[in-house]
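The values are calculated or read from the model by the stated rules, or taken from the named source; none is laboratory data. Every value quoted in this text rests on a predicted model; they were computed, and no experiment measured them. Cβ placement follows ideal geometry from the backbone for every residue including glycine, while neighbour counts extend to all protein chains displayed.
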Amino acid sequence: MDSGKFYPLTLRHLLKLILKQYEEFDHVFGIPKKLFFSPRLGAPLQMNRFGQRLQTPIGVAAGPHTQLAQNIVAAWLMGSSFIELKTVQTLDELHISKPCIDMQDEGYNCEWSQELKIHESFNQYLDAWILIHILKDLMHMGDTPDLGVVFNMSVGYNMEGILRDNMQWFFHRMNDASAEIAQRLESIKDIYPQVSNLSINPQISDNVTLSTMHGCPPNEIEKIGHYLMKEKNLHTVIKLNPTLIGRDRLWEILNRSGFATRVPESAFDHDLKYGDAVEIIKRLSQTANECNLRFGIKLTNTLECENHKQVFPPSETMMYMSGRALHPISVNLAAKLQNDFEGTLNISFCGGADACNISDLV
């Protein structure tokens, strides 16, 4: 067995593990029962997103931590209501540098991290969707009639790839997983008989976040955004880069923060410019209105920088910053855009949010 590959557990295996841990030890995946988030109808932090109720405005952004069912379930148990699933793309057999993530202080990662094929990713998202329904029933969590959770697809990275057969298959299955859900429930009803009485929505997701490569042309970003709304009828969010704030402002913030990040000039040259972004947001917002859909932006993507550390292989000339060092850049960019749009923007914020700053962000 290749130790560098993922071998996901089956839904049946995961459910047996969860039930044993919960019933015998009062924890799931090492999380004590007393720490589980229990929603209440009418709680002050509830909100509406894409026409669905969220138990909280807090969730997890797309990444390696949202590609396996058990990680998604663990995030939900701790109060995550907006689950941005790991980005999928047509190229799903990649060589991944190891290590590909460095989180010593400021976060860095390599360009690629997709370790599952598209059908494997779908299976993980489906299993997590079913498990959350089961756990809500098992634990009598909250007095809310609906799930209170949004699964947000994340797709990339260009129009050509999104139009490929395997990506179209993924969109179709995420829109209607009726057959797969029926098969899964049949396989576990001897373990959890009550599953036959559960109402599980076959539409896992009706919304998407578009992730594009650093340096993606503006017209390509806009073209995909229109396609996702007009052709796929999906509530759509586009992820924008931190370089949007501008070279001078970005360097001012970085120099004050004290981090040793080295941003190449090419990052500013090939990324989307602020003026172009404003016009794209206006046009995509108009398309959303015409399609009776919701449009938003995600702030921000990682920050492209030079690989100046000794963590990643030398072949990785660039790495991508996230976490604590990205936070002041993302916050200031969000403030600038929201001010220019007079507070009307629908923003999904993911730049370095943590337990110390989340109350101020909300």
* Subset tally (residues that are in contact with a Pro (Cβ under 9 Å, 6 or more places away or on another chain) and on the phi > 0 side of the Ramachandran plot) for the stretch 23-57 -> 1
* Asked: What number of residues within the stretch 306-323 are assigned to a loop (DSSP other than H, G, I, E, B) and of a type in the set (A, V, I, L, M)?
  -> 1
* **Odd one out for Ala62, checked against (1) in a loop (DSSP other than H, G, I, E, B); (2) surrounded by fewer than 16 Cβ atoms within 10 Å (Cβ to Cβ); (3) hydrophobic (A, V, I, L, M, F, W, C)** => (2)
* To do: Go over the candidates Asn71, Asn48, Asn109, Asn123 one by one and state the one that is over 21 Å from Cys356 (Cα atoms), buried (at least 18 other Cβ atoms within 10 Å of the Cβ) and without any contact (Cβ under 8 Å) to a residue 12 or more places away in the chain.
  => Asn71
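To keep it simple, each residue is scored yes or no on (1) assigned to a strand (DSSP E or B); (2) over 26 Å from Lys86 (Cβ atoms).
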| residue | (1), (2) |
| --- | --- |
| Gly225 | no, no |
| Arg249 | no, yes |
| Gly296 | yes, no |
| Asn301 | no, no |
| Glu304 | yes, no |
* Asked: Right, Leu228: in contact with a Leu (Cβ under 6 Å, 6 or more places away or on another chain), at pLDDT 95 or above and over 15 Å from Lys298 (Cα atoms) or not?
  -> yes
* Structure fact -> In the stretch 267-283, anything in contact (Cβ under 8 Å) with a residue 24 or more places away in the chain and not aromatic (Phe, Trp, Tyr) is listed as Ala267, His270, Asp271, Leu272, Lys273, Asp276, Ala277, Val278, Ile280, Ile281, Arg283
* Please enumerate the residues belonging to the stretch 74-124 that are hydrophobic (A, V, I, L, M, F, W, C) and part of a loop (DSSP other than H, G, I, E, B). => Met78, Leu85, Leu91, Leu94, Ile96, Cys100, Met103, Cys110, Trp112, Leu116
* Scan the stretch 191-213 for residues that are farther than 22 Å from Leu293 by Cβ and either of a type in the set (D, E, K, R) or in contact with a His (Cβ under 7 Å, 6 or more places away or on another chain) (or both) and report the count. => 2
* Asked: If you take the residues in the stretch 284-303 that are charged (D, E, K, R) and in contact (Cβ under 8 Å) with a residue 24 or more places away in the chain, which one is surrounded by the fewest Cβ atoms within 10 Å (Cβ to Cβ)?
  -> Arg294
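Let's see how each residue does on (1) assigned to a loop (DSSP other than H, G, I, E, B); (2) at pLDDT 95 or above:
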{"site": "Val195", "(1), (2)": "no, yes"}
{"site": "Pro202", "(1), (2)": "yes, yes"}
{"site": "Lys232", "(1), (2)": "yes, yes"}
{"site": "Ser266", "(1), (2)": "no, no"}
{"site": "Asp269", "(1), (2)": "no, no"}
* Asked: Counting only residues that are under 27 Å from Leu210 (Cβ atoms) and of a type in the set (D, E, K, R), which one in the stretch 118-169 is modelled with the lowest pLDDT?
  -> Asp146
* Give the residue, chosen from Ala128, Ala177, that is of a type outside the set (Val, Ile, Thr) and more than 18 Å from the chain's Cα centre (by Cα). => Ala177
